[in-house]
Amino acid sequence: MENPTSLLNLAADNIRVLAVSMVERAKSGHPGGAMGGADFINVLYSEFLTYDPAQPTWECRDRFFLDPGHMSPMLYAQLALIGRFTLDELKTFRQWGSVTPGHPEKNFERGVENTSGPLGQGHTYAVGAAIAAKALYARTGNPGFKKEKIYAYISDGGVQEEISQGAGRLAGHLGLDNLIMFFDANEIQLSTETADVISEDTAMKYRAWNWNVLEIDGNDPEQIRAALRTANAETARPTLIIGHTVMGKGCRRADNTSFERDCGTHGAPLGGDAYLNTVRHLDADPDDPFVIRPEVEELYAQRAEELKKIVAERRAEEKAWAVAQPEQAAEMADWFAGRLPELPWNDIQQKAGAPTRNASSACLSMLSAHVKNMIVSSADLCNSDKTDGFLKHTTVIRRGDFSGGFLQAGVSELTMACVCIGIALHGGMLTAMGTFFVFSDYMKPAIRMAALMELPVKFVWSHDAFRVGEDGPTHEPVEQEAQIRLMEKLQNHSGRDSVRVLRPADVNETTVCWKMAMENMDTPTALIFSRQNVANLPEGTDYSGAERGAYTVVSDAQPEVVLVASGSEVSTLVAARQLLSTDGITSRVVSCPSEQLFRAQDEAYRESVIPCNAKKFFLTAGLPVVFEGLAGDTGRIFGLNHFGHSAPFKVLDEKFGFTPEAVYSEIKQYLGR
């Protein structure tokens with residue numbers, strides 16, 4: 001349907017009034033960008049975006065990813081026009097318990113495809129979603145995924161954030177022709193004009209990345225329509241529509257002069273007479289601004305009827321596909337429901353005494369054979385973090401061939417993480433991503449967003465401690481484990497630990513931890529693996545105890561001291577225990593891959609593993625704070641409180657006091673023996 005320009009302008013003004021009124025009522029928010037972007041989002045939703053009015057979670061729907069979350073009033077107002085929010089809900093913008101929070105929070109039923117706020121991440125999620133759509137089509141042949149489009153909306157700030165380099169490079173390299181991104185080029189930022197901070201040729205930059213670049217007046221509905229038609233016809237490249245828009249379009253000052261193209265409209269309510277004049281200028285009533293105009297209501301009612309026909313045709317095609325391909329249809333249903341196939345964990349053959357990163361590789365090899373809807377990625381380290389184990393039964397994703405399950409992300413940890421988050425947001429696909437643990441620092445913004453959105457992505461981090469050795473302190477993680485375990489202590493909105501963190505003690509515990517990660521569909525999981533060989537725990541160890549966060553590896557009947565660690569330090573404690581036994585000191589060794597999971601167990605179990613009144617000695621290759629919660633006032637923690645050094649890891653073990661003999665001496669000193 002091609003709507004009259006006058007009607008589209010009226011609808012865009014309706015969005016502007018709603019957006020500026022939401023901010024004014026809340027006494028907080030960002031009206032200017034929302035008012036400038038109203039024309040694009042209105043044309044997109046009224047003429048192009050394909051969704052099911054009756055079933056918002058339809059798997060093959062087009063998806064809209066908002067990058068500048070501060071422009072949420074624009075999105076909420078638009079979604080109100082299609083019936084996903086009520087006007088009363090718009091009135092509660094930014095209030096306690098509201099479904100219209102200050103920045104959008106993932107809610108598929110409401111039409112919000114992603115949580116957004118930190119600039120740059122949202123459009124990178126869209127890149128991941130575009131990959132997911134192509135991967136699903138390659139795996140299932142469902143025609144709906146071939147027709148699906150991913151739309152993204154980015155602002156000047158998103159272009160300036162460094163992650164846009166990675167997202168733009170990867171999308172262009174893969175030829176994601178199902179991705180269409182609108183760049184709201186209004187030349188105004190929160191505190192300054194963009195001319196003060198940037199002078200690049202953005203169009204040339206994206207063309208160099210193999211994007212189809214179109215440049216238009218972003219407030220002209222006819223130019224927007226023409227650009228979207230061209231973008232939808234593109235068959236080889238992602239499209240960037242650079243829309244030159246007016247920040248605060250329609251805004252007036254208190255003296256009724258123009259308030260457009262002014263930083264003052266970006267991040268605060270217009271206030272007083274400026275607000276009143278603006279609403280009147282947009283032909284609305286300041287005393288009753290929360291209104292959907294009858295003509296606009298009719299516009300979207302007609303679009304809903306049109307969509308019913310379009311969706312009915314699409315669903316008929318999907319039904320015919322499902323009848324012809326019942327096995328793929330059943331698999332797809334399982335994938336979108338988050339159901340895993342039966343996995344042969346017990347068949348994995350681990351090599352005794354190997355690095356836990358190698359054990360992780362063995363698990364990934366098994367998963368590549370059985371989990372068809374999984375994509376694993378690495379930031380140019382797959383042969384070192386051992387995520388290349390997943391390549392045993394799959395291939396690398398390439399332009400024109402998305403049947404593979406491995407995404408080579410290049411040296412771009414944050415981009416990789418956000419792309420994998422986008423794959424997960426799309427639905428139907430599982431993701432894991434790997435790099436060195438020390439480089440998890442690059443990923444922190446994405447880890448937090450994955451945790452906030454409660455996405456079951458898997459973070460795979462190898463080279464877990466100072467035993468990286470010769471590479472030196474730049475590559476030796478010390479504080480990283482404490483940082484990520486803080487996320488495990490942070491509760492998400494569902495009351496769960498926001499990230500599950502697992503650091504296995506040997507190759508066999510690695511298998512159990514990977515099983516836990518795959519079965520965790522409620523939160524992200526972080527898996528931390530060693531570079532160096534790690535001795536197996538004693539014969540007869542019941543590794544299933546890892547599923548409870550901590551468990552007894554080996555124990556005397558009446559232990560004088562309980563020795564607790566995670567990762568490779570557990571085997572060091574086992575060796576130190578043997579030295580203690582020669583002195584007649586009884587002990588228990590506990591592996592604690594997840595302290596917070598252990599804390600969630602019942603009191604009787606916790607007391608049976610680490611008794612409150614027992615002498616407790618903790619060993620960690622990271623900051624001592626990792627175990628302070630379990631140590632209490634009487635326990636002793638031996639850890640590292642300084643950066644590492646460059647030397648062979650066995651030398652570092654000696655210099656830092658992490659040999660069994662040195663740890664044995666520390667334990668005796670703690671016991672006063």
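The values are calculated or read from the model by the stated rules, or taken from the named source; none is laboratory data. Just so you know, these numbers come straight off a predicted model, no measurement behind them. Note: ideal-geometry Cβ built from the backbone for every residue, glycine included; neighbour counts use all protein chains shown. Please note that ligands, DNA and RNA were not included when accessible areas were found on the heavy atoms of the full protein model with its side chains. Shrake-Rupley method; radii C 1.70, N 1.55, O 1.52, S 1.80 Å.
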| Pick from ALA465, ALA517: which is over 24 Å from VAL371 (Cβ atoms) and either in contact (Cβ under 8 Å) with a residue 60 or more places away in the chain or in contact with a strand residue (DSSP E or B) (Cβ under 9 Å, 6 or more places away or on another chain) (or both)? | ALA465
| remark: Across region 3-27, the tally of residues that are within 30 Å of the chain's Cα centre (by Cα) and open to solvent by 40 Å² or more (accessible area, probe 1.4 Å) stands at 0
| remark: Within region 397-415, residues being under 17 Å from PHE65 (Cβ atoms) and open to solvent by less than 20 Å² (accessible area, probe 1.4 Å) number 1
| said: I'm trying to understand the selection: among the residues of region 468-480, which are open to solvent by less than 10 Å² (accessible area, probe 1.4 Å) and either more than 18 Å from ALA505 (Cα to Cα) or charged (D, E, K, R) (or both)? | reply: GLY469, GLY472, GLU476
| task | Tell me which residues, restricted to region 43-60, are open to solvent by 30 Å² or more (accessible area, probe 1.4 Å) and either among the basic types (Lys, Arg) or over 26 Å from the mean Cα position of the chain (by Cα) (or both). | result | PHE48, PRO53, ALA54
| Within the bounds of region 635-654, is there any residue that is among the hydroxyl-bearing types (Ser, Thr, Tyr) and in contact with a helix residue (DSSP H, G or I) (Cβ under 9 Å, 6 or more places away or on another chain)? | yes
| Only one of (1) in contact (Cβ under 8 Å) with a residue 24 or more places away in the chain; (2) within 30 Å of VAL570 (Cα to Cα) fails for MET366. Which number is that? | (1)
| Given (1) under 22 Å from ARG606 (Cβ atoms); (2) of a type outside the set (Lys, Arg); (3) open to solvent by 40 Å² or more (accessible area, probe 1.4 Å); (4) in contact with a helix residue (DSSP H, G or I) (Cβ under 8 Å, 6 or more places away or on another chain), index of the condition ALA535 fails | (1)
| message | What's the total number of residues in region 569-586 that are in a loop (DSSP other than H, G, I, E, B) and open to solvent by 10 Å² or more (accessible area, probe 1.4 Å)? | response | 3
| task | Just one of (1) in contact with a Lys or Arg (Cβ under 6 Å, 6 or more places away or on another chain); (2) not in a loop (DSSP other than H, G, I, E, B) trips up VAL590, so point out which. | result | (1)
| request: For region 613-635, name all the residues that are open to solvent by less than 50 Å² (accessible area, probe 1.4 Å) and among the basic types (Lys, Arg). | output: LYS616
| request: Output yes when any residue across region 421-434 is of a type in the set (Val, Ile, Thr), over 15 Å from LEU364 (Cβ atoms), in contact with a Gly (Cβ under 9 Å, 6 or more places away or on another chain) and outside any loop (DSSP other than H, G, I, E, B), and no when none is. | output: yes
| remark: Of the residues in region 63-84 that are open to solvent by 10 Å² or more (accessible area, probe 1.4 Å) and not basic (Lys, Arg), the one that is farthest from LEU425 (Cα to Cα) is LEU81
| Taking ALA135 and the conditions (1) buried (at least 24 other Cβ atoms within 10 Å of the Cβ); (2) touching a helix residue (DSSP H, G or I) at 6+ places or on another chain (Cβ under 6 Å); (3) of a type in the set (A, V, I, L, M), which numbered condition does it fall short on, given that it satisfies the others? | (2)
| remark: Restricting region 213-255 to residues that are touching a residue at least 40 places away in the same chain (Cβ under 8 Å), part of a helix (DSSP H, G or I) and over 30 Å from the mean Cα position of the chain (by Cα), the one surrounded by the most Cβ atoms within 10 Å (Cβ to Cβ) turns out to be ILE224
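Rundown of residues vs (1) part of a loop (DSSP other than H, G, I, E, B); (2) closer than 24 Å to GLU342 by Cβ, yes/no style:
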residue	(1), (2)
LYS372	yes, yes
ILE375	no, yes
SER384	no, no
GLY389	no, yes
LYS392	no, yes
GLY404	yes, yes
LEU407	no, no
GLY410	yes, no
LEU414	no, no
| remark: Going through (1) open to solvent by 10 Å² or more (accessible area, probe 1.4 Å); (2) farther than 25 Å from ASP542 by Cα; (3) of a type outside the set (Ser, Thr, Tyr); (4) under 16 Å from the mean Cα position of the chain (by Cα) one by one, ALA451 fails only at (1)
| query | at pLDDT 95 or above, part of a helix (DSSP H, G or I) and of a type outside the set (Asp, Glu): does that describe GLN601? | reply | no
| remark: The condition of being in contact (Cβ under 8 Å) with a residue 12 or more places away in the chain, surrounded by fewer than 20 Cβ atoms within 10 Å (Cβ to Cβ) and within 27 Å of the chain's Cα centre (by Cα) holds, among GLY353, GLY338, only for GLY338
| Given the residues GLU327, GLU317, which is the only one that is in contact (Cβ under 8 Å) with a residue 12 or more places away in the chain and either open to solvent by 30 Å² or more (accessible area, probe 1.4 Å) or more than 17 Å from LEU430 (Cβ to Cβ) (or both)? | GLU317
| said: Anything in region 555-588 that is farther than 15 Å from TYR670 by Cβ, of a type in the set (A, V, I, L, M, F, W, C) and in contact (Cβ under 8 Å) with a residue 40 or more places away in the chain? List them, or say none. | reply: VAL570, ALA575
| Given region 490-555, what strands (runs of 3 or more DSSP E) lie entirely inside it while holding 3 or more residues that are in contact with a Phe, Trp or Tyr (Cβ under 8 Å, 6 or more places away or on another chain)? | 525-528
| request: Determine whether GLY141 is surrounded by fewer than 20 Cβ atoms within 10 Å (Cβ to Cβ), more than 18 Å from the chain's Cα centre (by Cα) and closer than 18 Å to LEU75 by Cβ. | output: no
| query | Only one of (1) touching a residue at least 60 places away in the same chain (Cβ under 8 Å); (2) crowded, with 20+ Cβ neighbours inside 10 Å fails for SER498. Which number is that? | reply | (1)
| task | State all residues of region 367-381 that are open to solvent by 20 Å² or more (accessible area, probe 1.4 Å) and touching a helix residue (DSSP H, G or I) at 6+ places or on another chain (Cβ under 9 Å); if no residue qualifies, say none. | result | ALA369, HIS370, LYS372, LEU381
| Pair list, Cβ < 6 Å and 6+ apart or interchain, from region 187-212 residues that are more than 25 Å from GLY69 (Cβ to Cβ) to residues that are of a type in the set (Gly, Ala, Ser) | ASN210/GLY172
| What residue, of VAL311, VAL291, VAL296, is touching a helix residue (DSSP H, G or I) at 6+ places or on another chain (Cβ under 6 Å), aliphatic (A, V, I, L, M) and open to solvent by less than 80 Å² (accessible area, probe 1.4 Å)? | VAL296
